[in-house]
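The values are calculated or read from the model by the stated rules, or taken from the named source; none is laboratory data. Predicted model, so just to flag it, every value in this text is computed and none were measured. We place every Cβ from the backbone using ideal geometry, glycine too, and count neighbours over all the protein chains shown.
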Amino acid sequence: MLMDKIAVVTGANRGIGLEICRQLAQKGVKVILTARSEEKGKKAKGKLQSEGLDVIFHQMDVNNEASVQQAADYVTGKFGKLDILVNNAGIGGDLDNRASDANIDQIKEIIETNIFGPLLVCKAFIPIMLESNDARIINISSIMGALSEMGSGSVGYRISKTALNAITCILASELKDTNILVNSMHPGWVRTDMGGPTAPCSVEEGADTAVWLATTDNLPSGKFFRDREEIEW
Ligand code: NDP
């Protein structure tokens with residue numbers, strides 16, 4: 001059991017984020033479940049608590065710098081360090097948006113959450129992650145952002161995840177002399193509100209690699225994973 005570990009998960013009121021909180025808490029990690037909606041976040045926390053899991057809720061809208069800083073201040077004041085940060089919050093919904101006929105407003109909206117969100121969150125939490133002797137940042141990316149498998153459509157979502165992967169590499173380089181490992185992962189196509197009901201993977205499967213990256217010893221930094229295996233960018 002990982003009783004002395006503290007984790008923050010963004011966008012954790014449902015879907016893969018909620019399941020990552022569940023699996024980390026089952027391993028004994030002290031989980032701070034965050035969500036932009038106070039009501040939805042408290043409901044999600046209640047659900048995990050009813051399963052006997054030790055979970056705290058704190059509001060955090062990754063689009064709002066003040067809200068992100070408040071959450072970081074809360075964790076600093078209460079725990080003085082952070083071991084695991086999962087940048088899970090994300091939006092999509094631009095399946096029909098094509099680069100050859102781009103809806104720029106839609107792309108901007110996605111970039112705000114999927115790129116600037118994780119950057120703001122990392123900026124606020126890295127100072128207290130440096131207080132941990134073994135810290136992990138896990139960016140929930142997507143194979144749709146992999147340059148090696150790039151397809152068409154979803155232009156905003158695709159470029160946001162390509163950029164998130166770049167952020168992983170940049171942070172891993174900037175933090176190479178610290179105790180913070182930074183990795184990206186693709187959860188699979190998962191049955192959530194985003195993935196839809198016909199997706200092949202369960203949320204348990206979708207959360208697995210993120211939890212593995214958060215809790216396994218002797219991992220590299222600055223890599224992209226799927227099903228616990230390194231994959232091409
Ligand atoms: P869901 O749509 O089910 O959940 C997304 C979560 O992000 C919700 O809790 C949502 O909160 C939250 N969120 C959105 N914007 C913000 C914000 N500004 N601040 C805080 N939270 C926010 O998606 P999934 O669980 O499927 O996806 C989780 C991650 O996995 C995403 O990054 C996604 O891109 C990635 N992914 C998912 C795949 C899939 O097949 N499902 C495949 C590949 C990657 P709210 O309820 O308030 O909207």
Need the failing condition index for Lys27 against (1) more than 16 Å from the ligand (Cβ to nearest atom); (2) touching a Pro at 6+ places or on another chain (Cβ under 7 Å), just the number. (2)
Cβ pairs under 8 Å, 6+ apart or interchain, first in the range 183-199 and more than 29 Å from Ser221 (Cβ to Cβ) and near the ligand (Cβ under 6 Å from one of its atoms), second of a type in the set (S, T, N, Q) and part of a loop (DSSP other than H, G, I, E, B), ordered by first then second residue, are Ala199/Thr192
Any residue that is over 25 Å from Asn64 (Cβ atoms) and within 13 Å of the ligand (Cβ to nearest atom) - is there at least one of those in the range 117-135? no
Boolean, Gly77 is more than 14 Å from the ligand (Cβ to nearest atom), more than 18 Å from Asp134 (Cα to Cα) and either assigned to a loop (DSSP other than H, G, I, E, B) or at pLDDT 95 or above (or both): yes
Output the residues belonging to the range 146-175 that are over 15 Å from Asn88 (Cα atoms) and of a type in the set (Gly, Ala, Ser). Ala146, Ser148, Gly151, Ser152, Gly153, Ser154, Gly156, Ala166, Ala172, Ser173
Would you confirm whether or not the range 150-168 contains a residue that is under 19 Å from Ala72 (Cβ atoms) and either more than 13 Å from the chain's Cα centre (by Cα) or assigned to a helix (DSSP H, G or I) (or both)? yes
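Residue-wise test of (1) acidic (Asp, Glu); (2) crowded, with 20+ Cβ neighbours inside 10 Å; (3) assigned to a loop (DSSP other than H, G, I, E, B).
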| position | (1), (2), (3) |
| --- | --- |
| Ala172 | no, no, no |
| Gly195 | no, no, yes |
| Asp208 | yes, yes, no |
| Val211 | no, yes, no |
| Asn218 | no, no, yes |
| Trp233 | no, no, yes |
Sort through Asp54, Asp61 and tell me the only one that's charged (D, E, K, R) and under 14 Å from the mean Cα position of the chain (by Cα). Asp61
